[in-house]
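Just below is one structure, and these are the notes that go with it.
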Amino acid sequence: MRDRSLARGWLAAHFGLVLLFLYAPVAVLAVLSFNASGQPFAWGGFSLRWYESLVGNATIQQAVVATVVVGIVSTLVATVIGTLLAIGLERTTRSSLLDAGVFVPMIIPDIVLAIALLSFYNLVFTGIMGLGLGLWSVILSHVVFSIAFVAAIVRTRLRHFDASIEEASMDLGATPVRTFFGVTLPVIAPGVIAGALIAFTLSIDEFVIAFFTAGTAVTFPIRIYSMIRFGVTPEINAIATIVVAVSIVLVFVSQRVGREEP
Amino acid sequence: MTEPIGAAIVRVEELRKEFGAVRALDRVSLEIAENEFFALLGPSGCGKTTLLRCLAGFERPDSGRILLDGRDIARVPPYRRPFNMMFQSYALFPHMSVGENVGYGLRQERVREPELGRRVADALDMVQLGGLARRRPHQLSGGQRQRVALARALVKRPRLLLLDEPLAALDRKLRGQMQLELKRLQAAVGISFVIVTHDQEEALVMADRAAIMDRGRVLQLDAPAELYERPATRFVASFIGESNLVPGRISFGEAGARLEASGRAFALDAGTVRSRGLRDGDRAAIAIRPERVGIAAPDAEIGEPAEVAEVVYLGSNRRYTVRLAGGPELVVRVQAGQPGDDLVPGDRVRVHWPTEHAVVVVDDTTEEPEEDA
């Protein structure tokens, strides 16, 4: 009994240290964002003034709007393509080479992908078609890596999919299209929603690729980066705290939705 | 082969289907009649499921026709066929309630309330699941899920109900109940049922007629009693029940048709020999059911001398293995209370059987077995 409680104590200590390691910096940031003094080493009392000054900051608001637009559009496009890709891969191929090809964008370093996309866009869109880069090219870039995440998450859901329910649907008179929307999609919906939430989360705080491919457009992470060049202002703490909160909520929701049913 | 009982609903003609090098269906022709319980019976890989899936529309035959009311539907997609299927896995929609599952087919036909609700309720009552319309499939027992699958397939009143190993997932006792229940249900709704099974007992209990399949071919299509009493081939005789099989060659002489096997001759019914298409000198076998072999005292003037080699006590009957002079062994079943129910190994007896129960069968088991489908 004693050994057991001792082991438990060690485990709890270990768990606590890991949590501390992961979240202490974020916690400090969050605390500082409510610091009235604005100085890292002097607590001037609790205050929402930095959040208030954000609300009055038009350039930040524009950047937030740009990021939300990029996030929503790229998520919608990537979710549709990624879901179809997952279904196609699961049903028609056993090729691990093809699998790898689809999932590589998940693990390619962002900086490499960013440079590749920038070179490609400069060559094709700017060079040949004469288009200036902007939010649309950020959207396109985010679609590129989001597809892989959506496809990977939807596929785990498809592993447990009983294909005979699609046959049952057609047997009962539903066309393939009605079967897809009436049976296939509702059954894999938790995976699709979880994939979309991950894609959205990744998009809204993605910096490197956006920075390279945005042209003159400014997304929220780019705005923060440009502010931080003049030192960490208390407003940045407030922004970062909001982003962390939103990310946590999205990941939490996607975990809940993606959980397997009993 | 016997004629269908009523008018044919579906006529399958010369159906062929290959999967790579495997011949799943090899020129299969048969008819399914109005209001009959039809079984496709055979070992796994015999092509029975492929035939069912061709009927449902999930497989497209390489050649041949499936005629419904004189129209070839072999290439009509499943959602335009008036057939419904009950799947082996039941294939219930997990995101819908029981009632929504059952109503799904009707909603595809744009049946509206209140008719929709009434027909769903009727279908659920029919399978005694009246109160469970709001449950989800995962809240039901295996037997209940099976009933939902049945109600869902019957609610559209299809011309054919296709059942793919419907009882395979149930335990033995429940399976026995469901066999009788399915049979009663078929008679009550008047829809022709086509059931796929590898369980010969299941086919014998339920079917009006059964097609015995092996390696993509239909070997025999008959009523259960005919299949059991008058098997056409050696495969059928050994697949359904237990049979004593003695291989040999046909010979026609003054004494009538005989099967000559290892120095002895068995008398045969000449009409049956001819109806099987067997000629003088052909390889064939006789099949004798163990319960048709009679046992007499060693000094009786009937049958052949034999020695009891093995005795297995089975409660209501005893199963003997007896050795005839010259080597061949026969299995004999004797009901408790009948003469000869108390033999022990080493006893000398005489065994005999009526000529009509020594059924000549085509010897189809010596071909090289092909790969299983």
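Things worth noting here:
- Shielding value for B:89-98 is 5, the average number of Cβ atoms from other chains within 10 Å of each residue's Cβ.
- The residues neighbouring B:Ala309, those whose beta-carbon lies less than 9 Å from its own, together hold a net charge of -2 under the Lys/Arg +1, Asp/Glu -1 convention.
- Per residue, the convex hull volume that the Cα atoms of the protein assembly as shown enclose (Å³): 283 Å³
- Among the chymotrypsin sites (Phe, Trp or Tyr not before Pro) found in segment A:12-100, those both in a DSSP coil and sparsely packed, with 10 or fewer other Cβ atoms within 10 Å of their Cβ, are A:Phe41.
- Shown here for segment A:180-262: chymotrypsin sites (Phe, Trp or Tyr not before Pro) in loop regions (DSSP other than H, G, I, E, B) with at most 14 other Cβ atoms within 10 Å, namely A:Phe230.
- Alpha-carbon centroid distance for the pair segment A:58-110 / segment A:196-262, whole angstrom: 16 Å
- Dipole-positive endmost among A:Ala196, A:Pro221, A:Val243 within segment A:170-262 (Cβ charges, Cα centre): A:Pro221
- Sequence-distant lysines (8 or more away, or on other chains) whose Cα lies within less than 18 Å of B:Lys183: B:Lys173
- Using θ = phi - 60° in the Karplus curve 6.51 cos²θ - 1.76 cosθ + 1.60, the 3J(HN,Hα) couplings for segment B:228-239 round to 6, 7, 10, x, 8, 10, 4, 4, 4, 4, 8, 6 Hz; x is entered for Gly and Pro.
- Chain A - mean residue ellipticity at 222 nm from DSSP helices (-39,500 (n - 2.57) per run, n ≥ 4, rounded to 500): -24500 deg cm²/dmol
- Put in order of Cβ neighbour count within 10 Å, fewest first, the listed residues A:Ser146, B:Ser192, B:Ser63, B:Ser238 become B:Ser63, B:Ser238, B:Ser192, A:Ser146.
- Table column - 3J(HN,Hα) (Hz), segment B:8-21, Karplus curve with 6.51, -1.76, 1.60, x for Gly and Pro: 6, 8, 10, 10, 9, 10, 6, 6, 10, 8, 10, 10, x, 8
- Rounded to 5, the percent of DSSP beta bridges in the protein assembly as shown classed as antiparallel: 75 percent
- Residue-wise HN-Hα coupling along segment A:131-147, computed from phi with Karplus coefficients 6.51, -1.76, 1.60 (Hz; x: Gly, Pro): 9, x, 6, x, 4, 4, 6, 5, 4, 4, 5, 5, 4, 4, 7, 5, 3
- Selection from B:Gly294, B:Gly176, B:Asn244 lying farthest towards where the dipole of chain B points positive, charges on Cβ: B:Gly176
- Average beta-carbon neighbours from other chains, 10 Å sphere, peptide A:158-169: 5
- Mean residue ellipticity at 222 nm, helices only, chain B: -7000 deg cm²/dmol; runs of at least 4 DSSP H residues each add -39,500 (n - 2.57), and the sum is divided by the number of residues.
- When only Cα pairs below 8 angstrom with a gap of at least 6 residues are kept, segment A:57-258 shows a relative contact order of 34 percent.
- Each of B:Ala149, B:Ala7, B:Ile66 was placed along the dipole of segment B:1-160 (beta-carbon charges, centred on the mean Cα), and the one lying farthest toward the positive end is B:Ala149.
- DSSP-defined beta bridges in segment B:8-229 - what % are antiparallel, rounded to 5: 55 percent
- Among the trypsin sites (Lys or Arg not before Pro) in segment B:134-230, those located in a DSSP loop and surrounded by at most 14 other Cβ atoms within 10 Å of their own Cβ are B:Arg134.
- Globularity index of segment A:100-197, i.e. its alpha-carbon radius of gyration over 2.2 N^0.38 Å: 1.48
- For peptide B:137-144, the mean count of partner chain Cβ atoms within 10 Å of a residue's Cβ comes to 0.
- Distant alpha-carbon pairs in chain B (separation over 32 angstrom), percent: 44 percent
- The local environment of B:Asp62, defined by Cβ-Cβ distances under 9 Å, has a net charge of +2 under the rule Lys, Arg +1 and Asp, Glu -1.
- Candidate lysines for bridging to B:Lys17, where Cα separation is under 19 Å - those fewer than 8 sequence places away on the same chain excluded: B:Lys48
- Isotropic mean projected area of the C-alpha convex hull, segment B:294-352 (nm²): 3.5 nm²
- Size descriptors for chain A (Cα atoms only): Rg and Dmax, in that order, 22.7, 75 Å.
- Once C-alpha pairs closer than 8 Å and six or more residues apart are averaged by separation and normalised to the residue number of segment B:8-229, the relative contact order reads 30 percent.
- The Rg/Rh ratio of segment B:216-264, with Rg taken over Cα atoms and Rh as the Kirkwood radius over Cα pairs, comes to 1.06.
Taken together, the values in this text are just the output of simple stated rules run on the coordinates, not laboratory data. These figures come from a predicted structure and were not determined experimentally. Glycine gets a Cβ as well: all are built from the backbone with ideal geometry, and neighbour counts include every protein chain shown.
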